[in-house]
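Data first, discussion second: the structure below is written as structure tokens.
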Amino acid sequence: MKDIEVQWHPGFVAAMNLELAGNRADLIYEKEYNLNMKPLAIDLLVIKKNAHVQIENEIGKLFRGHNIMEYKSPQDHLDIDVFYKSGAYASLYKAYGECVDDRTVEDITVSIVREAKPVGLFNYFEKHGVRMTNPYQGIYYILDNVLFPTQIIVTGELDKRNHIWLKALSDKMEKQDLKELLEHVNALSKKQEKELADSVLEVSIKANCHIANELRGGDSVCNALLELMEPEINKIVESKVQEAIQKAVRSFRDLGADNEKIREILMKNYALTSKEAGMYL
């Protein structure tokens, strides 16, 4: 499944909504919040309806009224420049209030989320005397050189029992991890939560499709869960096939093949009808 481009950010937004479900009525979620008219956007803005409400989930313990969240996929880097860029987004967000000091410094936080610990960045902090604390497993507060309360959330270190949704945003899941995720998704009953969980599941299956395929031959419970997810899995597999065909068509065109020759090859190698093959030409 490495050929499929995994859309991590929608899964992250859904996972955060599920992580903070205990305070859903207290929060407003603004995904890809535009800072101005130019293409400059925050991955996720979480606004407390009441700034004094305490968030139950430990990820939200740092939260104030306006909370900027930046998500880095497993392929993204998190170095000192990315760190300061996240702080710059928060500064721009503060500056674009409706009037002077409309959004106060004390009411804004920054959270950067990444699966692996940013060892290089933490080494930089140590070398330059930037203090950190680790109040919760996988959560690091940055105490110096920041304008706003800032935390780095290392999802790979979070407690799996309490953070199954964020930990599912990984391309390194084990069979048992995916099985437990399927069980959690199947246990949800509310429509909104099911839809959010499906977004997380889609990302997880795309990034770990080889594990899902291995699970098909496992125990009856897991097979039953996979059957419930069959439409989503089939959609992912179909997406991979379509991408492979599109790539093949581009290659044949580069070799100088005309449409009729390409149609013939697609019909032979991908078991397509003439009409189906024509859709790729």
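When only residues in the range 96-146 that are farther than 22 Å from Ala15 by Cβ and of a type in the set (Gly, Ala, Ser) count, which is surrounded by the fewest Cβ atoms within 10 Å (Cβ to Cβ)?
It comes out as Gly129.
Filter the range 45-65 down to the residues that are assigned to a strand (DSSP E or B) and farther than 23 Å from Met132 by Cβ and list them by number.
Correct list: Leu45, Ile47, Lys48.
Which helices (runs of 4 or more DSSP H) sit wholly inside the range 190-281 and have at least 1 residues that are closer than 29 Å to Asp177 by Cα and modelled with pLDDT of 75 or more?
191-207, 209-215, 230-254
Is one or more of the residues making up the range 16-39 of a type in the set (Gly, Ala, Ser), modelled with pLDDT of 90 or more, closer than 24 Å to Ile205 by Cα and under 12 Å from the mean Cα position of the chain (by Cα)?
Within the range 16-39, not a single residue is of a type in the set (Gly, Ala, Ser), modelled with pLDDT of 90 or more, closer than 24 Å to Ile205 by Cα and under 12 Å from the mean Cα position of the chain (by Cα).
Six or more apart or on different chains, Cβ atoms under 6 Å: show the pairs whose first residue is in the range 264-281 and free of Cβ contacts under 8 Å to residues at least 60 places away in the same chain and whose second is surrounded by 14 or more Cβ atoms within 10 Å (Cβ to Cβ) and polar (S, T, N, Q).
Within 6 Å, the pairs are Leu281/Asn259.
Output the residue which, of all residues in the range 40-63 that are farther than 17 Å from Ala21 by Cα and buried (at least 18 other Cβ atoms within 10 Å of the Cβ), is nearest to the chain's Cα centre (by Cα).
Per the stated criteria, the residue is Asp43.
Quick one: in the range 64-86, of everything that is touching a Phe, Trp or Tyr at 6+ places or on another chain (Cβ under 9 Å) and surrounded by fewer than 20 Cβ atoms within 10 Å (Cβ to Cβ), which residue is farthest from Pro118 (Cα to Cα)?
Arg64
Step by step: first the residues of the range 181-193, then only those that are farther than 18 Å from Leu169 by Cβ and among the charged types (D, E, K, R), then the one that is surrounded by the fewest Cβ atoms within 10 Å (Cβ to Cβ). Which residue is that?
That would be Lys191.
Count, please, the residues in the range 172-194 that happen to be in contact (Cβ under 8 Å) with a residue 40 or more places away in the chain and under 17 Å from Ala14 (Cβ atoms).
Total meeting the criteria: 4.
Anything in the range 58-104 that is hydroxyl-bearing (Ser, Thr, Tyr) and within 17 Å of Ile42 (Cβ to Cβ)? List them, or say none.
Within the range 58-104, Tyr71, Ser73, Tyr84, Ser86, Tyr89, Ser91, Tyr93, Tyr96 qualify.
Using the structure shown, decide if Lys85 is outside any loop (DSSP other than H, G, I, E, B), closer than 27 Å to Ala21 by Cα and not aliphatic (A, V, I, L, M).
no
The values are calculated or read from the model by the stated rules, or taken from the named source; none is laboratory data. Small disclaimer: the values here were computed from a predicted structure and weren't measured. In this analysis, Cβ positions are derived from the backbone assuming ideal geometry, glycine residues included, and neighbour counts consider all displayed protein chains.
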